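Okay, so here's the structure we're looking at.
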């Protein structure tokens, strides 16, 4: 699965962070989602599937 490539996930007030390694991450500001449904999809299908190690 593609999401197993992520090391860790963190959600803050304003963004989602997906870590590729201990020192590299991808960030997704919450403002990029046009609707609440878009953000819910991302959270359920991407963010929550990352197993924090």
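Each value in this text was obtained by applying a stated rule to the coordinates, not by laboratory testing. Just so you know, these numbers come straight off a predicted model, no measurement behind them. Positions of Cβ are backbone-derived with ideal geometry, glycine not excepted, and every protein chain shown enters the neighbour counts.
I'd like the orientation of helix 36-45 relative to the chain: the angle between its Cα long axis and the longest Cα principal axis, in ° from 0 to 90, rounded to 10. Helix 36-45 sits roughly 20 degrees off the main axis of the chain.
Using R₀ = 30 Å, calculate the FRET efficiency as 1/(1 + (r/R₀)^6) where r is the Cβ-Cβ separation of residue 22 and residue 44; round to 0.05. Working from the Cβ atoms, E equals 0.70. The value of relative contact order for the chain, using C-alpha pairs under 8 Å at least six residues apart, is 40 percent.
Share of pairwise Cα-Cα distances greater than 19 Å in the chain is 22 percent (whole percent).
The length gained by stretching the chain between residue 30 and residue 10 to full extension, at 0.36 nm per residue less their Cα-Cα distance, is 5.9 nm.
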